[in-house]
Amino acid sequence: MRRTLVLATLAAVAGLTAVVASQQSPLKQDLEILVRGPARIDKVKDGLYVVRGPFVPCGTRGCRPGGADDGLIHEAGDVAVRVTPAGLILVDDKYPEFVPEVLARVRDVSTLPVKYLLNSHHHGDHASGNAPIREMGIDIIGHRNIRENFLRIKQPGEPNITFADQGAVYLGGVEVQMFWLGRGHTNGDTVIYFPDLKTVHTGDLVIDGMPVIDYAGGGSALEFVKTIDNLLKMDFDTMIQGHGKIMNKDEVSAYRVRFEEMNRRMRELVGRGVPKQAFGTLDGARAQLKLADLGWDNTVSTTAWYGSINRYYDEIASAR
């Protein structure tokens, strides 16, 4: 009885915390409006930069034959650049054809050599540039699940150094830490932490758009929220996201509230017996989940999110 009471109390506190967070921040995400243009490098803090872009229509590789145009400007995964006296540490590298442009932007801030490349996860818009990076003799470090996902989909450039729950790189007196906090976007999502700068790079655990769950890659909508909870326990004030503007910790908390609200709505719909067929079109899914309320009805990731709608429905239904 006492244990039941404690668990009920904890659940109530967690619910109250979510309500308070949602009251402190708008439920609807304030999305950045991107403009078509070349890649650029922006300063985040002293010794830390982010390479963003190129900014192109249709998708992260631009308009392609047979591709859909959602009317938005997209960018491949954002690349962090940590400058140390002994060389550079990069996080992610975009597509192979973008690597020369990424390295050119890196040279805009430092001519020191790249010593390490860290992967946030395996997806091509973040890490398929690994192959040319490896050819340069640079060590690539990633969670063991990232390497396994590379091998599973036969994507060249798999990490040659792996870790389990956490790892670290020390270069020129600078420490960069890597943490696996749980499943989410994939089963290999890694948070890269710059402790001296209280800054994290989250890959696609948080993006300037709605969250995407790659079920084939081990992702989970329910575990995703728990992983963001673990992220919020870390001591940071600044976040480089997988795609988009720099965020602060309060904005990450608000993102978590939106995600949990979307999951809550899906649970409610499943509980009312709304069939999977009601989500048979993107417009149907938008209406059923009221994505416009969250600012997620037409983001750079909405179409990708919808690709997993059946498995999302099934995951929520099986957890009831």
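Data overview
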item: Every residue from the stretch 85-137 that is over 21 Å from the mean Cα position of the chain (by Cα), of a type in the set (Asp, Glu) and under 20 Å from ALA39 (Cα atoms); result: GLU97, GLU101, ASP108
item: Subset of the stretch 156-215 [part of a helix (DSSP H, G or I) and buried (at least 24 other Cβ atoms within 10 Å of the Cβ)]; result: GLY203, ASP204, LEU205
item: One residue from ALA86, ALA76 being more than 15 Å from HIS201 (Cα to Cα) and hydrophobic (A, V, I, L, M, F, W, C); result: ALA86
item: GLY37 in contact with a Phe, Trp or Tyr (Cβ under 7 Å, 6 or more places away or on another chain) and surrounded by 12 or more Cβ atoms within 10 Å (Cβ to Cβ); result: yes
item: Residue match in the stretch 91-109 (condition: under 17 Å from GLN177 (Cα atoms) and assigned by TED's automatic domain parsing to the domain that holds LEU151); result: yes
item: The stretch 216-233: number of residues that are surrounded by fewer than 17 Cβ atoms within 10 Å (Cβ to Cβ) and within 17 Å of GLN177 (Cα to Cα); result: 3
item: Among the residues listed as GLY67, GLY59, the single one being at pLDDT below 90, of a type outside the set (A, V, I, L, M, F, W, C) and assigned by TED's automatic domain parsing to the domain that holds ASP139; result: GLY67
item: Breaking point among (1) closer than 21 Å to ASP30 by Cα; (2) exposed (fewer than 15 other Cβ atoms within 10 Å of the Cβ); (3) in contact (Cβ under 8 Å) with a residue 40 or more places away in the chain, for ARG320; result: (1)
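The values are calculated or read from the model by the stated rules, or taken from the named source; none is laboratory data. This one's a predicted model, so the numbers in the text were calculated from it and none came from an experiment. Every residue, glycine among them, receives a Cβ derived from its backbone with ideal geometry; neighbour counts consider all protein chains shown.
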